[in-house]
2 protein chains.
Amino acid sequence: MASPVELAAQRMQQWAEQVRSGDVRAVSRAITAIENRQPDAEELLRRLFPSTGRAYLTGVTGAPGTGKSTLVDRLAAVYRQQEEPVGIIAVDPTSPFSGGAILGDRIRMQGHAGDAGIFIRSMATRGFLGGLARATAEVALLLDAAGKQQILIETVGVGQDEVDIVRLADCVLVVLVPGLGDDIQSMKAGLMEIGDIFVLNKADREGADRLEQQLLAMLSLVAPRDGWQPTVVRTVATEAKGIDALAETVTEFRKHFETSEERRHKRAEHWKQRLIEMLQAQLLERALDGAAGEKLLDELAADVANRKKDPFAAVGEILARSGLSGRSKHK
Amino acid sequence: MASPVELAAQRMQQWAEQVRSGDVRAVSRAITAIENRQPDAEELLRRLFPSTGRAYLTGVTGAPGTGKSTLVDRLAAVYRQQEEPVGIIAVDPTSPFSGGAILGDRIRMQGHAGDAGIFIRSMATRGFLGGLARATAEVALLLDAAGKQQILIETVGVGQDEVDIVRLADCVLVVLVPGLGDDIQSMKAGLMEIGDIFVLNKADREGADRLEQQLLAMLSLVAPRDGWQPTVVRTVATEAKGIDALAETVTEFRKHFETSEERRHKRAEHWKQRLIEMLQAQLLERALDGAAGEKLLDELAADVANRKKDPFAAVGEILARSGLSGRSKHK
C-alpha cells in the first residue's frame, strides 16, 4: 500500500497532468490555490514549469472606458478561428472582488459559450502580502502549461502595479480612444514607453484622426526598439472592425522579435524581478515566523505610531529576534 | 580636534537641525537622499523621527483630468491664509521624471512665489527596488519634521500603488468630475472605499447634479466609519469656488477622528505596512549581498528564462549561498 507521502505525490502528479491536458476544473483549482497562496500551488508550478515557455503573452492596457474587454474578446475570437487555445486574464487592481465567480466573467464567457479552447479568469487586488503582479504571472505560467498558446492579459493602465503586470507580456497593446480629454496625455506619457502597438479604439468617433496624428507625432520621437517602430492600429471593437489587422500586427511584432536579443533580455529581466519577489516573500515569512509572528510586528507598529520607538529600531528588533540580523556566518 | 566620525555626526546633527528649522535647501537635499536611497537618509530620518507625528496628512486622489493639482493649490492657499506651513507632495507613478527640477513644480510654485511657508515637490516612479509609496511616506515624515502642519499628497487614483500612498493620509479626498463617462464607474468602485470626502470638482459643468445624486446614492450604501458618513463637497477649483467649504469639511473630519480608536488603528496599520517594507528591503539587500550581488541573480534569471532551472530552485540557491536558507539557529 502507498504511504501518505506517496499518495500526496501521486495526487500532485495527477493534478499536474490534468492541468497539462487543459482540464478546466484542474486549472480553476490551481488558480484558486495560487490566489490563496496555498503551499501546494508552489509544488504544482514547480512540476509544471518545464512545460511552460511556449505561450505568447499579449498585454492589453489602457484607461477605463477605452473598451479593453471588448477588444480582448474580439482578439480571442480571431485566435480561436485559427484554432489556437486562448487564455484571458482580466486584472482589475481597483476591484475588491476576485475569483472565478465574477459576474463579468460569466457575461463574457457567454460570447464563447461551449468553447473549451478558451479560458477566462478575473483577478483583483489581494491582501497586502499578496502581490497581484506575482499572482498574475503565476496564472499565466499555469495557462501556458495548460496549452493556451495565446494568453491575453488585460489591465487598467495606470500605476506601477499595471506596469509590472504588463512587463510580463511579450507584446504590449496600449488602447486609446478619442475624446478622453487632453489632460489624459499625462497618462499616455507613461504608457508611451511600454507600448509596442497602439490601438486607437472607437475609431469611428469624432477626434480619431486628430488623436492618431498626435500619437504618430509622439511615436516619431520614440527611438525604435531593436528595429521595431511602434505602430497605430485603428479599431472599432464593438463592431469587430480592424481586429484582423490588429492580430496581424501582433504576429508581425512576434516574428520581428522571435529571435531577437531584446526579447531574450526582456525575459531574463522578467525572471530577475520575479526571483526578487519570491526571495522577499520567503525572507519576510521567515523573519516574522522566527519573531513569533505578526504579534510582535503589531506591537512594534503601535510603538512606532506612538513615537515610543523609531521604525529603524523596530526593524532591527524583528531581525534580531528572528536570528536574521547581522552578517551571515555561512559562505 | 574632532575625529572624522565625530565630524560626520556633527554634520548630521546640523542637517537635522536645519530640516527642523524648515530650511528649504536642507529639506531638498534630504528628499534627494531619500529618493536615491542614500545611507545618510536613514540616519537623518532616525534623528528626525521624534519630531514627527504633528502634521496632518491629506491625500488627494482622482483620475487624470479631474483637476487635482489646481484643487491642491487652492487648498494650500487656504491653509497659508491661516498661517499654517504647507507641504505638497505630487506623486505621479506614470511619469518617468522625478526630482525638484520638474517644470510643473516651477509653474506651480509661481502661484506661491516668495512664500517660504510652502514647499512643493514632485515624485515619480523609481527603479524596481525603489518603492514609490515608501519614498513618499519618508518625504512626508521629513516635511512633518520640517514643521509643515498641513501636508497634501496628490496622486492619480488608480492602482495599488496609489492606494498604498493614499493609505498614508489621515484624510482622503477623492476628486470626481462630471462627464468622464459611466465606464469610469469601475474606477470609482475602488475609490469609493478609500474616500473620506468626495470632491465634485468642475461642479459648474453639465451633469454635476446627476453625478452628485449617483455619488450620494452610492455613499448611502457605505456603512459610516466610526460615525463618519462620507460627504460630497462641490467645487470649481479654477475659480476657487467651494474651497473654503472643503477646508472646513476636512477640519470637521479631523476633529471627528482626533481621538478616535479608528485613527489610532489606521496609524498602527500604516506603520505595520512600513515595517514590512523596510524588513523586506533589508533582507533582500542581505540575500543579494551575501550571494555575490546581482551577478548570480542575473545568471539564475537567464537560466530560468531558458527553462534550465525552475524559479523555486533558483531562489533556494540564492538563499543557500547567502546563508539565509533553512531555519534560524537563534531564539
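Just a few scattered comments:
- In segment B:235-294, the convex hull through the Cα atoms has an average projected area of 7.3 nm², a quarter of its surface area.
- For B:Arg307, the distances from its label point to the matching points in the remaining copies are 5.9 nm, ordered from shortest, with each point set 7 Å beyond Cα toward Cβ.
- Kirkwood-type radius of segment B:263-331, with distances r between different C-alpha atoms, in Å: 13.9 Å
- Distance between modelled label sites at A:Glu262 and B:Gln14, nm, 7 Å Cα→Cβ extension: 5.0 nm
- For B:Asp209, inter-copy separations between label points set 7 Å beyond Cα along the Cβ vector come to 3.8 nm, shortest first.
- For the peptide B:59-68, the mean number of other protein chain Cβ atoms found within 10 angstrom of a residue's Cβ is 3.
- When the charge dipole of segment B:263-331 is built from unit charges on Cβ atoms (+1 for Lys and Arg, -1 for Asp and Glu) and taken about the Cα centre, the candidate among B:His265, B:Val315, B:Leu297 whose Cα reaches farthest toward its positive end is B:His265.
- Cα-Cα over 20 Å, subset of A:Lys308/B:Lys148; A:Lys241/A:Lys266; B:Lys202/B:Lys241; A:Lys202/A:Lys255: A:Lys308/B:Lys148; A:Lys241/A:Lys266; A:Lys202/A:Lys255
- For A:Glu6, the distances from its label point to the matching points in the remaining copies are 7.5 nm, ordered from shortest, with each point set 7 Å beyond Cα toward Cβ.
- Calculated FRET efficiency for the pair A:Glu269/A:Gln229, C-beta based, R₀ 30 Å, to 0.05: 0.90
- Pair A:Arg80, A:Ser21: separation of 7 Å Cα→Cβ label points (nm): 2.3 nm
- With R₀ fixed at 41 Å, the C-beta to C-beta distance from A:Gln38 to B:Glu285 puts the FRET efficiency at about 0.90.
- Ordering A:Trp228, A:Trp15 by the number of other Cβ atoms within 10 Å of each residue's own Cβ, fewest first, gives A:Trp228, A:Trp15.
- Across segment B:41-94, counting alpha-carbon atoms alone, Rg and Dmax equal 14.3, 39 Å.
- Charged-residue dipole, Cβ positions (Lys, Arg, Asp, Glu), segment A:212-303 about Cα centre, Debye nearest 20: 500 debye
- Ranking of B:Ser3, A:Ser260 by neighbouring Cβ atoms within 10 Å, starting from the fewest: B:Ser3, A:Ser260.
- Per-residue Cβ neighbour rank within 10 angstrom, fewest leading, B:His270, B:His256, B:His265: B:His265, B:His256, B:His270
- Local electrostatic count at A:Val236 - Lys and Arg +1, Asp and Glu -1, tallied over other residues with Cβ under 12 Å: +3
- Cβ-Cβ distance of A:Arg210 and B:Glu252, R₀ of 45 Å, FRET efficiency by 1/(1 + (r/R0)^6): the value works out to about 0.50.
Every number here is computed from the coordinates shown, using simple stated rules; none is lab data. Every value quoted in this text rests on a predicted model; they were computed, and no experiment measured them. Cβ sites come from the backbone with ideal geometry, for glycine too, and all protein chains shown count toward neighbours.
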